[in-house]
Amino acid sequence: MHNATRITVSTFGVMMGLAGLEHGIGEILQGNTAPAGIMFPSWPESEFFSNVAGEPAMSIIPNLLVTGMLACFMSLTYLLWVTRFVQRKHAGQVLILLAIIMLLVGGGIFPPVIAIFIGILATKINTPPIARHAKSTVGLRSLLSKGWPWSFIVCVGSWLLLFPGTNFLGYFFGAQDPNLTVILLSFALGSLLLTIITGSTHDRLRPTQSP
């Protein structure tokens, strides 16, 4: 069992699912109206989401109420799958499909895109581990493996700081600097990539380290 990969998939899958749900709620609150175009803000009048341009989304359905309902439904389905069925054989493929549908029915732009990559990562959960490692890379792999828990903690913290952290900073303290958002986003993406690498290494080393 690829424990580190599974934990990474479930944790960040939940985050992206909740983000998609939040977009859907904003669209439902806009009522039975048509969006201005295929792309639109989920929370156009919300000061809390003003620092992220009202949470952009897209939809192939020209009705915000229906779009929001579908976004909520697909996000909840994604949440269910990523927490209850992620260990199943084709769980990754299902998550990818759900994320694509989320993208097309108002689940936001950024959350579904990350959710797609989470689905791709989920396809690695049931892959056979590597039984042997080249001696020249054992030291590096061991270092990466030991760094996974710390990388995971930093990554979760950076994503929470990005959202809802930047929203709270903007709403309560007037911190509306777009450069801060770009910096935090870059750090969050970088730490996620590092967590995926260290987690994968951790899982692959476990069988060889077991007595």
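With an 8 Å Cα cut-off and a minimum separation of 6 or more residues, compute the relative contact order for the chain in percent.
Relative contact order here is 26 percent.
If you take every residue apart from Gly26 with its C-beta less than 12 Å away from the C-beta of Gly26, what net charge results, scoring Lys and Arg +1 and Asp and Glu -1?
Here the charged neighbours net out to -4.
Anyone know which of Ile183, Ile114, Ile125 comes out most mobile in the 10 Å Cα GNM of the chain?
So, out of Ile183, Ile114, Ile125, the one fluctuating most is Ile183.
Relative to the longest principal axis of the C-alpha atoms of the chain, give the angle of the C-alpha long axis of helix 64-84, reported between 0 and 90° and rounded to the nearest 10°.
20
Just rank Phe152, Phe85, Phe173, fewest to most, by other beta-carbon atoms within 10 angstrom.
Phe173, Phe85, Phe152
Which residue fluctuates most in the GNM of the chain (Cα springs below 10 Å): Ala99, Ala115, Ala34?
Ala34
Once phi is turned into θ = phi - 60°, what whole-Hz ³J(HN,Hα) does the Karplus curve with 6.51, -1.76 and 1.60 give for every residue of segment 159-172, x standing for Gly and Pro?
Result, ordered by residue: 5, 5, 5, 5, 8, x, x, 5, 5, 5, 4, x, 6, 8 Hz.
Could you work out the helix-only [θ] at 222 nm for the chain, with each DSSP H run of four or more residues adding -39,500 (n - 2.57) and the total divided by the number of residues, to the nearest 500 deg cm²/dmol?
Mean residue ellipticity, 222 nm, calculated: -23000 deg cm²/dmol.
Give me the Kirkwood hydrodynamic radius of segment 1-127, using the inverse of the mean 1/r over all pairs of distinct Cα atoms, in Å to one decimal.
The Cα-based Kirkwood calculation yields 14.3 Å.
Would you mind counting up the charge near Ser42? Only other residues with Cβ under 12 Å from its Cβ, with Lys and Arg at +1 and Asp and Glu at -1.
-4
In degrees between 0 and 90, to the nearest 10, how far off the longest principal axis of the chain does helix 3-29 point, with axes built from Cα atoms?
Between the helix axis and the principal axis of the chain, the angle is about 0 degrees.
List Phe168, Phe40 from most exposed to least, where exposure is judged by having the fewest other Cβ atoms within 10 Å.
With the sparsest Cβ surroundings first, the list reads Phe168, Phe40.
Multiply the residue gap between Ile109 and Leu76 by 0.36 nm, knock off their C-alpha separation, and tell me the result in nm, one decimal place.
10.2 nm
Over segment 1-62, what relative contact order in percent results from Cα pairs under 8 Å that are six or more residues apart?
Computed over segment 1-62, the figure is 26 percent.
Give the long-range amide H neighbours of Ala57: residues separated by 5 or more places, or on another chain, with amide H under 5 Å away, using H modelled in the peptide plane at 1.01 Å from N.
Phe40, Ser42
Using θ = phi - 60° and the Karplus form 6.51 cos²θ - 1.76 cosθ + 1.60, what ³J(HN,Hα) does each residue of segment 47-57 get, whole Hz, x for Gly and Pro?
After applying 6.51 cos²θ - 1.76 cosθ + 1.60, I find 5, 5, 9, 5, 6, 10, 6, x, 6, x, 8 Hz.
Every number here is computed from the coordinates shown, using simple stated rules; none is lab data. Keep in mind that what you see is a predicted model, and the values were worked out from it rather than measured. Virtual Cβ from ideal backbone geometry, glycine too; neighbours counted across all protein chains shown.
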